[in-house]
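Notes to accompany the following structure.
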Amino acid sequence: MEKAISVVGGDLRIIKVVEMLLRDGYKVYTYGMELSEELMDIQELEMCPTLDEAVKNAKIVLGPIPLTSDRKNLSMPFSNIKLPIEEFAQKVANKTLIAGHYPETMKKDLKENNINFIDIAKREEFVVLNAIATAEGTIQIAMEETQRTIHGSKILVMGFGRIGKVLAKMLSGLGAEVYCEARRDDDLAWIKVYGYKPIHLMNLDNYLDKFDIIINTIPFQVLDDEKLDLVRKDVVIIDLASNPGGVDIKAAKNRGIKLIWALSISGKVAPLTSAEYIVETLYHVLKEL
């Protein structure tokens, strides 16, 4: 039986995924990628003019990560087409959809269309591996946006999840003075064990004026108007949290604070490696299915 998969939309990581799927013997049908120069001359690839054509011959549909950037349309940076997510859900009815970061408002439509939807971005193996590229990309931004070396800088990592752990280790290895914020006592204990300086969220206000760089991984607004009054004016804040982010953007702008909102950074700084992580996780999912 022919291995077939439909790929709809997505960034440069997904373009690389398409190439890897073809290499591994899959029949690939794409839609929403017509502007990709990398895919234009691949004869084995079926670049379909309509969504209906792209999904009719495959039971598995791979979508973007994240699925949407504006909560209205599918994320398709390599296309001029606007595809509303409600229309997309209707077109992939009764199929298995593998994508990332489904908005809560869309899940009802997916269920009503009998779609088996899987969030690849929540798979542990993907999240852990992707944290490496995210951390490296964050450090690249920090080096480009500050006038200091990482070595010797006082850096706060907010949140001690997977990305926070990897970031703290890399920054410490570069000689930074690393502080880590967390709420849970067990996380604070591990922060101390690893040799970083722990800060409980409740005590954060007492430390905010110390840092050259603040990196946020917490997916809700922590650095609000009041807390931004406490940071140094020359601080660089890098926000890795998904929409709506963890920093009050307007308040930061009003204060002239340098804020970089680095969404999906792994796909921008290391698209090939990130694509390898996606394919590895995708094959795990397909095996389970």
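The values are calculated or read from the model by the stated rules, or taken from the named source; none is laboratory data. As the structure is a computational prediction, the values presented were derived from the model and not from experiment. Note that we place each Cβ from the backbone using ideal geometry, even for glycine, and neighbour counts take in every protein chain shown.
Data table
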| quantity | calculated |
| --- | --- |
| Enumeration of residues in segment 210-231 that are surrounded by 14 or more Cβ atoms within 10 Å (Cβ to Cβ) and free of Cβ contacts under 8 Å to residues at least 24 places away in the same chain | K227 |
| Residue among A133, A142 that alone is touching a residue at least 60 places away in the same chain (Cβ under 8 Å) and either assigned by TED's automatic domain parsing to the domain that holds L74 or under 19 Å from P66 (Cβ atoms) (or both) | A133 |
| Top-ranked residue of segment 249-286 - restricted to ones that are under 30 Å from D234 (Cβ atoms) and of a type in the set (S, T, N, Q), ranked as surrounded by the most Cβ atoms within 10 Å (Cβ to Cβ) | S266 |
| Verdict on N243 being in a helix (DSSP H, G or I) and among the polar types (S, T, N, Q) | no |
| Qualifying residue in segment 16-24 (condition: in the same structural domain as E87 (by TED's automatic domain parsing), part of a loop (DSSP other than H, G, I, E, B) and not basic (K, R)) | yes |
| For R71: the one exception among (1) modelled with pLDDT of 95 or more; (2) part of a loop (DSSP other than H, G, I, E, B) | (1) |
| The lone exception for K250 - which of (1) in contact with a His (Cβ under 8 Å, 6 or more places away or on another chain); (2) more than 21 Å from N130 (Cβ to Cβ); (3) not aromatic (F, W, Y) it fails | (1) |
